[in-house]
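Taking it in order: structure first as structure tokens, then the write-up.
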Amino acid sequence: MLDTVLAASLAAAIALGGIALWQHSRAEDARAGAALAEERARGYGSAFADVLTASDATLHTERPGDGTAVAVVASRGQDREASTAGGPPALADDRVYELWYAAEAGGLRPAGLLPGTGGAATRLLEGPLGDAVAVGITVEPAGGSAQPTTEPLGLVPIGA
């Protein structure tokens, strides 16, 4: 009987040790994930701040018909833009707002997504500013589109 108690105690100790190792591993994974997220946020914030504080930064605003206030800060020297939309209406779960670079020749290229949750949304636009003369916003399926599937809610002229 002593052997059975000793074996059971040893099995319990091994099981608890395994659980402790698993928990430690999960905690390390969580710490690494948090550090990576913080690093990315710092990099994004820095790039965003760089656009806003660039010596050639220009502010452009527009109010599409739905009452949303859209502001775009463009820096030709950095070839980047930052955008904020204040108060766009909430969309169905399967829809998002998509931003577009608009060229003078009429071509549109994707510049990033804004959530369709309503309220204010801010983002650094994706890709180079290039030959864009305006930034457009449309409602698209979740995940975005390669080309607009709806009429633009508005265009914010940014000049050439």
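Step by step: first the residues of the range 106-119, then only those that are modelled with pLDDT under 85 and more than 15 Å from Ala90 (Cβ to Cβ), then the one that is surrounded by the fewest Cβ atoms within 10 Å (Cβ to Cβ). Which residue is that?
Ranking the candidates gives Gly106 first.
Just wondering, is there one or more residues in the range 83-97 that are under 16 Å from Thr61 (Cβ atoms), within 19 Å of the chain's Cα centre (by Cα), in a loop (DSSP other than H, G, I, E, B) and at pLDDT below 90?
Yes, because at least one residue in the range 83-97 is under 16 Å from Thr61 (Cβ atoms), within 19 Å of the chain's Cα centre (by Cα), in a loop (DSSP other than H, G, I, E, B) and at pLDDT below 90.
Could you look through the range 105-150, keep only residues that are among the charged types (D, E, K, R) and not in a strand (DSSP E or B), and pick out the one that is farthest from Ala69 (Cα to Cα)?
Among residues in the range 105-150 that are among the charged types (D, E, K, R) and not in a strand (DSSP E or B), the one farthest from Ala69 (Cα to Cα) is Asp131.
Name the pairs: first residue in the range 68-81 and closer than 13 Å to Ala54 by Cα, second residue among the hydroxyl-bearing types (Ser, Thr, Tyr), Cβ to Cβ under 6 Å, at least 6 apart or on different chains?
Cβ pairs passing all conditions: Ala74/Thr58.
Among the residues of the range 125-143, how many are within 22 Å of Arg80 (Cβ to Cβ) and surrounded by fewer than 18 Cβ atoms within 10 Å (Cβ to Cβ)?
6
The values are calculated or read from the model by the stated rules, or taken from the named source; none is laboratory data. This one's a predicted model, so the numbers in the text were calculated from it and none came from an experiment. Cβ atoms come from the backbone with ideal geometry, glycine included; neighbour counts cover every protein chain shown.
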